[in-house]
Amino acid sequence: MRRGRCRPAKLHHAVISGPIDVFRSPHVHGMPDVVPDRTQRRTSAVSSISITNTRDGYGLIAITLHWIVAAAFIVNYALIYWTQWYVEPRTEEYFGLLSTHTAIGVSVVVFVFLRVISRWMQPVPEDAPGTRLEHLGAHAVHILLYIAMFVTPLTGYFGQGGPSQLFFAIEIPSFQNTWLFQTVIDGGLGISWESWEGVMDYIHKTIAPWVVGLLILAHAGAALFHHVVRRDRVLIRMIDPRKSSNSS
């Protein structure tokens, strides 16, 4: 009896033309990337940030100035009411907090001025969908806010009897000792310091807090209405400087 020769089974090996990097190959046997390119995503996010305004939203410059001014007003009002309600008058702490309040006030005027220049030099984003009355009301509130942002700190300085500091570093003399008051207001118009100070204090301490408070409520309330009810980008575009998909 002849025994058959056992033939070894043929082994079929997959032929691979080169090494496969599972971390960089776009697809390995249908598998997606396992490690995303984080650097590329960060680069894309940075490149999408708009420095200046577009027709769809505000740029990084406008957003930064907006929130600096807003924070300065909120902090300064909180500071002065804390001083009036909880600090004993005419003490070292009292005068120190008043000096800080005045320094913030005169410094914020610089940022308000920069904000006006920025708004004048850049395009203003288009109005959100709404009625003509809503657009007129929004523009009126914006104009009044700009006026209030100048009048409120300036009347505080104009009625200040002592010197102040710009950015807590540059000393500014009392308005009473300036050429403008001594030559124009006192010498030319004949208005004494006592009369002038009384008017400035009344505007700064009595009228301005109510006007600014109502304008901020109207402004913030409208932004929240658009965000919660209308669900549009009115609030988001003053927070996020990245370009929307509609930006050109």
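Computed from the coordinates by the stated procedures, all read-outs in this text should not be read as laboratory data. All values reported here derive from a predicted model rather than from experimental measurement. Backbone-built Cβ (ideal geometry, glycine too); neighbour counts: all protein chains shown.
Please give the FRET efficiency for I51 paired with R132, using the beta carbon to beta carbon distance and R0 = 35 Å, rounded to the nearest 0.05.
On the way: r = 32 Å, r/R0 = 0.91.
For I51 and R132, the calculated efficiency is 0.65.
Mind listing the long-range amide H neighbours of L166? Cut-off is under 5 Å, sequence gap 5 or more, other chains count too, H placed in the peptide plane at 1.01 Å from N.
Correct list: E171, I172.
At 7 Å along Cα-to-Cβ for each site, give me the label-to-label distance between I172 and L79 in nm.
1.3 nm
Once you have a ≥ b ≥ c as the square roots of the Cα gyration tensor eigenvalues for segment 112-163, tell me rounded if a/c is under 1.5, and otherwise prolate or oblate according to whether a/b is larger than b/c. Intermediate values should be presented prior to the final figure.
Numbers: a/c = 6.24, a/b = 2.07, b/c = 3.02.
It comes out oblate by the Cα gyration axes.
Using Cα-Cα distances under 8 Å and only pairs 6 or more residues apart, what relative contact order does segment 62-238 have, in percent?
21 percent
Work out the FRET efficiency for S192 and V124 from their Cβ-Cβ distance, taking R0 = 41 Å, and round it to the nearest 0.05.
Efficiency computed from Cβ-Cβ geometry: 0.40.
If the chain between T183 and I147 were fully stretched, how many nm would it gain, using 0.36 nm times the residue separation less the Cα-Cα distance?
Residue separation times 0.36 nm, minus the Cα-Cα distance, leaves 10.4 nm.
Which trypsin sites (Lys or Arg not before Pro) from segment 166-248 combine a DSSP loop assignment with at most 16 other Cβ atoms within 10 Å?
Sparse-neighbourhood loop trypsin sites (Lys or Arg not before Pro): R231, K243.
Count charges around L60 for me, please; just the other residues with Cβ under 15 Å from its Cβ, Lys/Arg as +1, Asp/Glu as -1.
Neighbourhood net charge equals +3.
Shape call for segment 85-133 from the C-alpha gyration tensor, a ≥ b ≥ c root eigenvalues: rounded (a/c under 1.5), prolate (a/b greater than b/c) or oblate?
oblate
Show the residues, 5+ positions off or on another chain, whose built amide H is closer than 5 Å to the amide H of T54.
G59
What list of ³J(HN,Hα) couplings, whole Hz, do you get for segment 129-136 from phi and the Karplus terms 6.51, -1.76, 1.60, once you set θ to phi - 60° and write x for glycine and proline?
Each residue's phi maps through the Karplus curve to give x, x, 7, 4, 5, 5, 5, 5 Hz.
Starting from the Cα gyration tensor of segment 62-238, take the square roots of the eigenvalues, sort them a ≥ b ≥ c, and report rounded, prolate or oblate (rounded when a/c is under 1.5, otherwise prolate if a/b is larger than b/c, else oblate).
Prolate, since a/c reaches 1.5 and a/b exceeds b/c.
Working out 0.36 nm times the residue gap between A140 and L214, then minus their Cα-Cα distance, what length gain in nm do you get to one decimal?
25.3 nm
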